[in-house]
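Taking it in order: structure first as structure tokens, then the write-up.
Since every read-out is calculated from the coordinates, none of them should be taken as a lab result. Computed from a predicted structure; not experimentally measured. In this analysis, Cβ positions are derived from the backbone assuming ideal geometry, glycine residues included, and neighbour counts consider all displayed protein chains.
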């Protein structure tokens, strides 16, 4: 048995603070329940006295953790468990500190009479506007179980899409980093050694060799300065991209790059129609769905397009008509299919099918991304290696000719 300090509250709102002997926090809750109180917080005093508690830093809540929470909450509610009890169980199971603290606070507020969606809105870093809006619809219509099921599938598709894109970019990124690293090592260690040999033998050096030697000597003499300037440049670019001007410039660049642009367009198209489909199917009005979806998109141009479309839809214009002026970022097929959905009254169904189509397009594009980028990388690597080899070998041939 251990001593627990607790904070509890009765159904009438009377708060109680005290200590009790119990085997675990569940027994504390059981004891207080028999007295007509609901446990809000319990701490084992014995563990506190034994020493310091070491906790690992938490940097955020991953999509996988959100999927786990959503899926299990849906199952518990479908099984007949109350919402506070379900959240309490999931809070105890949560390994992420931020998620655990958020769920404990949400459970407390629900016990006090607040809505689930209102409590979640206090944690935008964990639960997005899209997530909270969906839950709110479920509460208002009494279909929370159905809405959580839709959210679960939505999160899984988003996670799958993110994994495919990240997986496709890993190979080119690793090759590029290794290429830069090997190049720097060659310039810092190999080139200066060969340079000293050439200078000592007084060999006449061609222009390319002098350029490589100059770069090598510069890197060797200023390696710390180069590392510092590179770090400052990366930090400066990262900060610049966070500004409105930087964000616009970066997003525009992504839409102009030959290989990347089609993938970016398909990803944003998939996110747009998938989110709109889920929101409309849950009973959210189209203008509100457009507003929520705009906030879920990362690309500035797509966000702007949906915000402007929302204003026009509010004035009575058809959604498909508003998208026609953005045919440079939204495919013509998508716009035409949305028009068909509006005419037949099956907008949500059409959007869902479009989402499947563009997600498959992204999947196929990411599968072939490595094979498309690989030839370009090989050409670049070949050109760099060839330039370096010619620059360093040519003086050696001159030395051999002079000996002969």
**OP:** Please express the shape of the chain as an equivalent ellipsoid: the semi-axes are the square roots of 5 times the eigenvalues of the C-alpha gyration tensor, given largest first in whole angstrom.
**Re:** 55, 35, 16
Original post:
How high is the FRET efficiency between residue 30 and residue 118 when r is their beta carbon distance and R₀ equals 22 Å, given to the nearest 0.05?
Top reply: 0.15
**OP:** Work out how much length residue 324 to residue 363 would gain on full extension: take 0.36 nm times their residue separation and subtract the Cα-Cα distance, in nm to one decimal.
**Re:** 11.4 nm
**OP:** Quick one: order 243, 197 by neighbouring beta-carbon count within 10 Å, fewest to most.
**Re:** 243, 197
Original post:
So, in Å, what gap is there between the alpha-carbon centers of region 184-208 and region 83-117?
Top reply: 66
**OP:** Calculate the spin-label point distance for residue 240 paired with residue 371, positioning each point 7 Å from the Cα along the beta-carbon direction, and give it in nanometres.
**Re:** 3.7
**OP:** With 5 Å bins from zero, work out the P(r) of region 63-127 over every alpha carbon pair and list the percent per bin.
**Re:** 3, 19, 31, 30, 15, 2
Original post:
Relative to the present Cα-Cα distance, how much length would full extension add between residue 20 and residue 65 at 0.36 nm per residue of separation?
Top reply: 12.9 nm
Subject >> At R0 = 35 Å, FRET efficiency that the Cβ-Cβ distance of residue 89 and residue 346 yields, to 0.05 >> reply: 0.35
Subject >> Where labels lie 7 Å past Cα in the beta-carbon direction, separation of residue 179 and residue 159 in nm >> reply: 3.4
**OP:** Based on other C-beta atoms within 10 Å, arrange 4, 397 from fewest to most.
**Re:** 397, 4
Original post:
What ranking do 140, 65 get, fewest neighbouring Cβ atoms within 10 angstrom at the top?
Top reply: 140, 65
Subject >> Calculated FRET efficiency for the pair residue 129/residue 248, C-beta based, R₀ 22 Å, to 0.05 >> reply: 0.50
Subject >> Residue among 221, 88, 261 with the largest mean-square fluctuation in a Gaussian network model of the chain, springs linking Cα atoms under 10 Å >> reply: 221
Original post:
Given labels modelled 7 Å from the Cα in the Cβ direction, how far is it in nm from residue 171 to residue 202?
Top reply: 5.4
